[in-house]
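Encoded as structure tokens, the structure appears first; notes follow it.
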Amino acid sequence: MIVLFDNISLREDLTPGWGFSAYLESPEHRILFDTGADGAVLLSNMAKLSVDPKSVDLVVLSHNHWDHTGGLVELLDKNAAVTVYLGSSFPTSFHNEVRKKGAQVVEITSPQPLGKDVYTTGELTDGTAEQALILKTKEGLVVLTGCAHPGIVNIVRKAKEYLELPIDLVGGGFHLPSLNKTELKEVVEQLQGLGVKRVAPSHCTGQRAEQFFQQTWGEDFVRIGCGAQIPLEWA
């Protein structure tokens with residue numbers, strides 16, 4: 001898995017920006033999870049990371065916020081031969097725009113497989129509807145979130161209940177910038193209670209929360225940003 005778009009960059013030649021996007025190659029598909037906020041930045045980072053836009057065949061959008069969908073049009077200009085998985089909360093106008101570009105649209109409501117070893121949580125909601133990606137690996141489940149608006153604990157719990165496997169890694173935006181120390185401690189304890197082995201928070205998680213996760217997980221804290229590469233050994 002390669003992080004293409006994030007608030008920080010781990011390489012000087014890559015451009016950071018507010019938003020998130022990650023690329024992964026599953027046993028069946030080449031998948032883009034979210035597209036960041038800016039198509040030019042996304043495509044530039046992809047080129048520098050040797051990720052060919054024309055190789056992508058699935059695009060999964062976590063939720064309908066500009067910092068996760070902003071790069072989609074430019075991506076489709078390079079490669080419209082993709083299937084785009086959208087939550088049912090996306091407006092009809094968004095669906096139509098994607099179809100006009102020549103891409104196929106699949107509307108997601110409930111948990112389901114997206115191919116071998118790749119699943120969606122289905123659209124969850126706590127004000128803002130969002131889906132997360134679940135990857136089945138030999139070490140357990142990898143749960144990848146865009147912003148975790150429905151709650152990072154809730155998302156991880158749903159993923160674990162759905163596939164009934166241990167959680168190896170939770171990564172992406174956790175959306176915790178406003179939480180105080182007591183509230184962060186509660187989130188950490190709940191994730192530990194769910195058996196989360198490793199964490200890789202980024203994007204909208206918040207600096208204080210990221211530091212708290214790093215202190216708690218220690219060597220099992222995975223630092224990510226543009227250019228980060230996390231090996232996946234598929235199940």
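The values are calculated or read from the model by the stated rules, or taken from the named source; none is laboratory data. Computed from a prediction, not measured in an experiment: that's the story for all the values here. Don't worry about glycine lacking a Cβ; one is built from the backbone with ideal geometry, like all the others, and counts go over all protein chains shown.
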Checklist line | Filtered residues of the stretch 61-90 (kept if surrounded by fewer than 21 Cβ atoms within 10 Å (Cβ to Cβ), closer than 10 Å to ALA103 by Cβ and of a type in the set (A, V, I, L, M, F, W, C)) | finding: ALA80, ALA81
Note to self: Pairs please, first residue from the stretch 176-190 and in contact (Cβ under 8 Å) with a residue 24 or more places away in the chain, second anywhere and among the aromatic types (Phe, Trp, Tyr), Cβ atoms under 6 Å, 6+ apart in sequence or on different chains.
What the structure shows: LEU184/PHE212
Checklist line | Odd one out for LYS54, checked against (1) basic (Lys, Arg); (2) out of contact with any strand residue (DSSP E or B) (no Cβ under 8 Å at 6 or more places or on another chain); (3) closer than 20 Å to GLY225 by Cα | finding: (3)
Notebook entry, point to check: Being of a type in the set (Lys, Arg), surrounded by fewer than 23 Cβ atoms within 10 Å (Cβ to Cβ), modelled with pLDDT of 95 or more and over 21 Å from ALA200 (Cβ atoms), is that true of even one residue in the stretch 2-24?
Noted result: no
Checklist line | Within the stretch 97-120, tally of residues that are under 19 Å from HIS65 (Cβ atoms) and over 18 Å from the mean Cα position of the chain (by Cα) | finding: 3
Next item on the list: Please specify each residue of the stretch 192-235 satisfying the condition of being aliphatic (A, V, I, L, M) and farther than 24 Å from ASP67 by Cβ.
Entry: LEU194, VAL196, LEU232, ALA235
Margin query: Taking the conditions exactly as written (touching a helix residue (DSSP H, G or I) at 6+ places or on another chain (Cβ under 7 Å), among the β-branched types (Val, Ile, Thr), part of a helix (DSSP H, G or I) and buried (at least 23 other Cβ atoms within 10 Å of the Cβ)), does VAL156 satisfy them or not?
Written below: yes
Check: Can you name every residue in the stretch 143-200 that is over 15 Å from THR121 (Cα atoms) and charged (D, E, K, R)?
Finding: ASP168, LYS181, GLU183, LYS185, GLU186, GLU189, LYS197, ARG198
Margin query: Considering only residues that are surrounded by 23 or more Cβ atoms within 10 Å (Cβ to Cβ) and at negative phi, which ones fall in the stretch 168-181?
Written below: VAL170, GLY171, GLY173, PHE174
Notebook entry, point to check: Looking at the stretch 187-204, is at least one residue assigned to a helix (DSSP H, G or I) and under 19 Å from ILE108 (Cβ atoms)?
Noted result: no
Check: Just for the stretch 117-130: of the residues that are of a type outside the set (S, T, N, Q) and surrounded by 13 or more Cβ atoms within 10 Å (Cβ to Cβ), which one is farthest from LEU165 (Cα to Cα)?
Finding: ALA129
Checklist line | Checklist (1) surrounded by fewer than 16 Cβ atoms within 10 Å (Cβ to Cβ); (2) in a loop (DSSP other than H, G, I, E, B) applied to ALA148, failing item | finding: (1)
Check: When residues of the stretch 44-98 are filtered for being closer than 17 Å to TRP18 by Cβ and assigned to a helix (DSSP H, G or I), how many remain?
Finding: 8
Margin query: Could you tell me how many of the residues in the stretch 190-213 are surrounded by 16 or more Cβ atoms within 10 Å (Cβ to Cβ) and within 27 Å of ASN45 (Cβ to Cβ)?
Written below: 12
Check: Does the stretch 118-145 hold any residues that are assigned to a loop (DSSP other than H, G, I, E, B) and under 16 Å from LEU61 (Cα atoms), and which are they?
Finding: THR121, GLY122, GLU123, THR128, GLN131, ALA132
